[in-house]
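The values are calculated or read from the model by the stated rules, or taken from the named source; none is laboratory data. Just so it is clear, the structure is predicted and the values come from calculations on it, not from any experiment. Glycine gets a Cβ as well: all are built from the backbone with ideal geometry, and neighbour counts include every protein chain shown.
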Amino acid sequence: MTVLTPHMFLQPDGWVPAKGYANGMLARGRTVYTGGLVGWNARQEWEHADMVGQFRQTLQNIVAVLDAAGARPEHLVRLTWYITDKREYLDNLRGFGAAYRDVIGRHFPAMAVVQVTALMEDAAKIEIEATAVIPDE
(Lines give C-alpha, C1' and ligand atoms only; values in the text may rest on other atoms or scores of the structure.)
Protein backbone atom coordinates (compact mmCIF):
# COMPACT_ATOMS: atom_id res chain seq x y z
CA MET A 1 0.00 0.00 0.00
CA THR A 2 1.35 3.42 -0.93
CA VAL A 3 1.04 6.00 1.79
CA LEU A 4 0.72 9.49 0.43
CA THR A 5 2.31 12.14 2.58
CA PRO A 6 0.69 15.55 2.30
CA HIS A 7 3.50 17.58 3.71
CA MET A 8 7.09 18.62 3.79
CA PHE A 9 8.85 19.40 7.05
CA LEU A 10 10.34 22.91 7.00
CA GLN A 11 13.85 23.24 8.44
CA PRO A 12 15.47 26.66 7.87
CA ASP A 13 19.16 26.59 6.99
CA GLY A 14 21.37 26.93 10.04
CA TRP A 15 18.64 26.10 12.58
CA VAL A 16 19.17 23.37 15.13
CA PRO A 17 16.69 20.58 14.26
CA ALA A 18 13.53 20.52 16.35
CA LYS A 19 13.14 17.44 18.56
CA GLY A 20 9.67 15.96 18.93
CA TYR A 21 7.99 18.55 16.71
CA ALA A 22 8.49 20.39 13.42
CA ASN A 23 9.22 24.10 13.13
CA GLY A 24 6.85 24.25 10.19
CA MET A 25 4.99 22.15 7.64
CA LEU A 26 4.12 22.70 3.98
CA ALA A 27 1.00 20.81 2.85
CA ARG A 28 -1.43 20.48 -0.05
CA GLY A 29 -4.78 18.69 0.00
CA ARG A 30 -8.09 18.59 1.87
CA THR A 31 -7.83 20.07 5.36
CA VAL A 32 -9.30 18.57 8.52
CA TYR A 33 -9.66 20.75 11.63
CA THR A 34 -10.67 19.37 15.00
CA GLY A 35 -12.20 21.33 17.80
CA GLY A 36 -10.48 21.37 21.15
CA LEU A 37 -10.63 17.71 22.16
CA VAL A 38 -10.21 16.54 25.75
CA GLY A 39 -9.42 13.23 27.39
CA TRP A 40 -12.84 11.79 27.97
CA ASN A 41 -14.11 8.72 26.14
CA ALA A 42 -16.77 8.55 23.39
CA ARG A 43 -19.52 8.72 26.07
CA GLN A 44 -17.94 11.87 27.55
CA GLU A 45 -16.89 9.94 30.66
CA TRP A 46 -13.54 10.49 32.36
CA GLU A 47 -11.45 7.33 32.71
CA HIS A 48 -8.25 9.11 33.78
CA ALA A 49 -7.57 11.80 36.37
CA ASP A 50 -3.88 12.16 35.47
CA MET A 51 -2.64 14.29 32.57
CA VAL A 52 -0.79 11.46 30.77
CA GLY A 53 -3.90 9.25 30.79
CA GLN A 54 -6.02 12.13 29.53
CA PHE A 55 -3.38 12.89 26.89
CA ARG A 56 -3.47 9.32 25.56
CA GLN A 57 -7.28 9.43 25.38
CA THR A 58 -7.19 12.85 23.71
CA LEU A 59 -4.85 11.51 21.03
CA GLN A 60 -7.16 8.53 20.52
CA ASN A 61 -10.05 10.99 20.14
CA ILE A 62 -8.07 12.96 17.54
CA VAL A 63 -7.36 9.76 15.59
CA ALA A 64 -11.08 8.88 15.70
CA VAL A 65 -12.05 12.29 14.27
CA LEU A 66 -9.35 12.02 11.60
CA ASP A 67 -10.63 8.56 10.70
CA ALA A 68 -14.14 9.96 10.24
CA ALA A 69 -12.65 12.24 7.55
CA GLY A 70 -10.58 9.50 5.93
CA ALA A 71 -7.34 10.86 7.43
CA ARG A 72 -4.59 9.13 9.39
CA PRO A 73 -2.14 10.33 12.05
CA GLU A 74 0.61 10.85 9.45
CA HIS A 75 -1.63 13.51 7.86
CA LEU A 76 -1.34 15.74 10.95
CA VAL A 77 0.39 19.04 10.24
CA ARG A 78 -0.29 20.91 13.50
CA LEU A 79 -1.21 20.21 17.12
CA THR A 80 -1.90 22.92 19.69
CA TRP A 81 -1.96 21.62 23.26
CA TYR A 82 -3.49 23.50 26.18
CA ILE A 83 -2.36 22.16 29.56
CA THR A 84 -3.35 23.22 33.07
CA ASP A 85 -0.13 22.27 34.88
CA LYS A 86 3.30 22.84 33.35
CA ARG A 87 4.99 21.00 36.23
CA GLU A 88 2.85 17.86 35.80
CA TYR A 89 3.68 17.96 32.08
CA LEU A 90 7.44 18.37 32.59
CA ASP A 91 7.55 15.72 35.33
CA ASN A 92 5.96 13.16 32.99
CA LEU A 93 7.71 13.71 29.64
CA ARG A 94 8.55 10.00 29.29
CA GLY A 95 4.91 9.05 29.74
CA PHE A 96 3.81 11.69 27.23
CA GLY A 97 6.39 10.44 24.73
CA ALA A 98 5.33 6.81 25.14
CA ALA A 99 1.63 7.67 24.76
CA TYR A 100 2.34 9.81 21.69
CA ARG A 101 4.38 7.09 19.95
CA ASP A 102 1.76 4.43 20.83
CA VAL A 103 -1.13 6.42 19.32
CA ILE A 104 0.42 8.68 16.66
CA GLY A 105 3.70 6.92 15.91
CA ARG A 106 6.89 8.72 14.98
CA HIS A 107 5.25 11.53 13.03
CA PHE A 108 5.95 14.90 14.65
CA PRO A 109 4.08 17.85 13.07
CA ALA A 110 4.32 21.50 14.06
CA MET A 111 3.25 21.77 17.71
CA ALA A 112 2.74 24.31 20.44
CA VAL A 113 2.11 23.65 24.14
CA VAL A 114 0.48 26.42 26.17
CA GLN A 115 -0.25 26.46 29.90
CA VAL A 116 -3.68 27.86 30.75
CA THR A 117 -5.30 28.50 34.10
CA ALA A 118 -8.34 26.32 33.36
CA LEU A 119 -10.22 24.50 30.62
CA MET A 120 -13.97 24.57 30.06
CA GLU A 121 -14.38 21.00 31.34
CA ASP A 122 -13.45 21.15 35.02
CA ALA A 123 -11.90 17.65 35.06
CA ALA A 124 -9.80 18.29 31.94
CA LYS A 125 -6.06 18.72 32.35
CA ILE A 126 -5.30 18.88 28.63
CA GLU A 127 -7.11 19.95 25.48
CA ILE A 128 -5.70 19.63 21.96
CA GLU A 129 -6.67 21.15 18.61
CA ALA A 130 -5.43 19.30 15.54
CA THR A 131 -5.05 20.16 11.87
CA ALA A 132 -4.45 17.48 9.24
CA VAL A 133 -4.14 17.59 5.47
CA ILE A 134 -5.31 14.65 3.37
CA PRO A 135 -3.11 14.66 0.27
CA ASP A 136 -4.44 15.22 -3.21
CA GLU A 137 -4.38 12.02 -5.21
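Go through the range 37-52 and give me each residue that's aliphatic (A, V, I, L, M) and exposed (fewer than 13 other Cβ atoms within 10 Å of the Cβ). Can you show your working first?
Applying the first criterion (aliphatic (A, V, I, L, M)) to the range 37-52 yields 37-38, 42, 49, 51-52.
Selection gives Ala42, Ala49.
Can you say whether Met25 is crowded, with 17+ Cβ neighbours inside 10 Å and touching an Asp or Glu at 6+ places or on another chain (Cβ under 8 Å), as far as the supplied structure shows?
no
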Problem - Residue satisfying condition, being over 20 Å from Ala22 (Cα atoms), of a type outside the set (A, V, I, L, M), modelled with pLDDT of 95 or more and not in a strand (DSSP E or B), within set Glu137, Glu88 - result: Glu88
Practice task
Kindly check whether there is at least one residue in the range 104-122 that is crowded, with 18+ Cβ neighbours inside 10 Å and more than 21 Å from Phe9 (Cα to Cα).
Solution key: no
Practice task
Please give the number of the condition Ala98 fails out of (1) part of a helix (DSSP H, G or I); (2) surrounded by 20 or more Cβ atoms within 10 Å (Cβ to Cβ).
Solution key: (2)
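Only one of Ala112, Ala99, Ala130, Ala68 is over 16 Å from Tyr21 (Cβ atoms) and either at pLDDT below 95 or not aromatic (Phe, Trp, Tyr) (or both); which?
On the way: Ala112 fails: over 16 Å from Tyr21 (Cβ atoms); Ala99 fails: over 16 Å from Tyr21 (Cβ atoms); Ala130 fails: over 16 Å from Tyr21 (Cβ atoms).
After ruling out the rest, the residue left standing is Ala68.
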Handout entry: Pick from the range 27-48, criterion part of a loop (DSSP other than H, G, I, E, B) and in contact with a Phe, Trp or Tyr (Cβ under 8 Å, 6 or more places away or on another chain), ranking: farthest from Glu137 (Cα to Cα)
Key = Glu47
Handout entry: All positions within the range 89-110 that are of a type in the set (S, T, N, Q) and in contact with a Gly (Cβ under 7 Å, 6 or more places away or on another chain)
Key = none
Exercise for the section: Return yes when Thr80 is hydroxyl-bearing (Ser, Thr, Tyr), surrounded by 12 or more Cβ atoms within 10 Å (Cβ to Cβ) and not in a helix (DSSP H, G or I) and no when it is not. Expected result: yes
